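Contents: one structure, followed by commentary.
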Amino acid sequence: MGICGPNRLLLDDPTPAIPFGLCVYYQRGRALVGGTLSDYESVVERAWNTLNLPTDDRTLDEGHSELEPRSHGLTALPFLSEERNLGWIVSATAAKNGLRMTTTAIEILQISMEATAYRFSKD
């Protein structure tokens, strides 16, 4: 099960121009325009289930807090469930680039979370 990352904007305009890839709901002369940018929970859940991460939160938090953002030298595309709006490209896939023998599970979790957060900041 994944939770999507919805972004919504409530407009007073009852008939706004809707950019491709977004949806709109109308109610009482207003429009709720939005779309889903990511399936964040699936990305994190998949990393959690496959990387043999520490099971207690304290150990995981300590390992994660020691890492600086982008310090791992990795690049990721977080499209485990294809790409969401805007564009909705069903052939998009996830990727991790820059993995080495020394790359840790916590670094892979971190890049998965960072890549998803980056999608939010750019869309």
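The values are calculated or read from the model by the stated rules, or taken from the named source; none is laboratory data. These figures come from a predicted structure and were not determined experimentally. Don't worry about glycine lacking a Cβ; one is built from the backbone with ideal geometry, like all the others, and counts go over all protein chains shown.
Within the stretch 40-51, not a single residue is modelled with pLDDT of 75 or more, among the small types (Gly, Ala, Ser) and assigned to a loop (DSSP other than H, G, I, E, B).
Annotation: of all residues in the stretch 45-58 being surrounded by 12 or more Cβ atoms within 10 Å (Cβ to Cβ) and either closer than 19 Å to Thr102 by Cα or among the aromatic types (Phe, Trp, Tyr) (or both), the one that is farthest from the chain's Cα centre (by Cα) is Pro54. Starting from residues that are assigned to a loop (DSSP other than H, G, I, E, B) and among the charged types (D, E, K, R), keep the ones in the stretch 66-123 and report whichever is modelled with the lowest pLDDT. Ranking the qualifying residues of the stretch 66-123, first place goes to Asp123.
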